[in-house]
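Every number in this text was worked out from the coordinates using simple rules, so none of it is lab data. In this text the structure is predicted, and so the values were computed from the model without any measurement. Here the Cβ is made from the backbone with ideal geometry for all residues, glycine too, and neighbour counts use every protein chain on show.
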Amino acid sequence: MNKIDKKVKAVLIIEDEMDMRFYLMIMVRSLGLEPILTRDGVQGLLALSSRLPDLIILDVMMPEKGGALVYQELKTQPLYRDIPLIIFSGVDFHSFVHYIKMLNLDRGIKIPSPKYYVEKSADPDYLKEVIKKCIPL
């Protein structure tokens with residue numbers, strides 16, 4: 001991670017595919033935001049100890065610690081649960097929500113479905129609009 005200007009709003013990008021990280025980095029920068037790039041859930045959660053971002057963009061299918069487990073952790077930790085979050089994935093919304101429900105059965109907790117879920121096939125302008133809803137520019 002590189003040094004980040006604390007005045008500029010930051011977006012934590014948790015994405016394992018290099019081309020998707022690059023795509024998201026360019027998109028975030030085009031909106032005047034500072035990207036924080038990580039390649040898996042473990043790195044993404046570790047990055048939170050350095051700086052709380054203004055938004056998290058989270059992939060679902062990743063090595064080490066997948067997006068569903070990261071989402072579960074973010075939504076159960078008081079320090080992180082209110083950070084706006086966009087799930088950006090090739091996995092469809094209903095499959096993700098079903099998986100989250102299954103993860104939560106053993107824990108006896110109810111984690112909300114994500115407010116913003118964008119499939120990777122979405123139009124780039126649509127993704128920009130969702131980012132703008134999460135971070136007023």
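I need two numbers for the range 28-103: Rg to one decimal and Dmax as a whole number, Cα atoms only, in Å.
For the range 28-103, the Cα radius of gyration and maximum Cα-Cα distance read 12.4, 38 Å.
Please say if the range 71-132 is rounded, prolate or oblate, where rounded means a/c under 1.5 for a ≥ b ≥ c the square roots of the C-alpha gyration tensor eigenvalues, and otherwise the choice is prolate for a/b larger than b/c and oblate otherwise?
Oblate is the answer for the range 71-132, as a/c is 1.5 or above yet b/c matches or exceeds a/b.
When the chain is treated as a GNM, springs tying every alpha-carbon pair under 10 Å, which of Lys75, Lys120, Lys110 comes out with the largest mean-square fluctuation?
Looking only at Lys75, Lys120, Lys110, the biggest GNM fluctuation is shown by Lys110.
In degrees from 0 to 90, rounded to the nearest 10, what is the angle of the helix 18-30 Cα long axis to the longest principal axis of the chain?
60
Given Cα positions, please report Rg to Rh for the chain, the hydrodynamic radius being the Kirkwood one.
0.94
Would you please put 26-35, 124-133, 10-19, 58-67 in order of how densely packed they are, using the mean number of other Cβ atoms within 10 angstrom per residue and starting with the highest?
Put in order of decreasing packing, that is 10-19, 58-67, 26-35, 124-133.
Taking the 0 to 90 degree range and rounding to the nearest ten, how far is the long axis of helix 93-105 tilted relative to the main principal axis of the chain, both from C-alpha atoms?
It is inclined by approximately 50 degrees.
Please report how far the C-alpha centroid of the range 96-137 lies from that of the range 47-85, rounded to the nearest whole angstrom.
The distance from the Cα centre of the range 96-137 to that of the range 47-85 comes to 11 Å.
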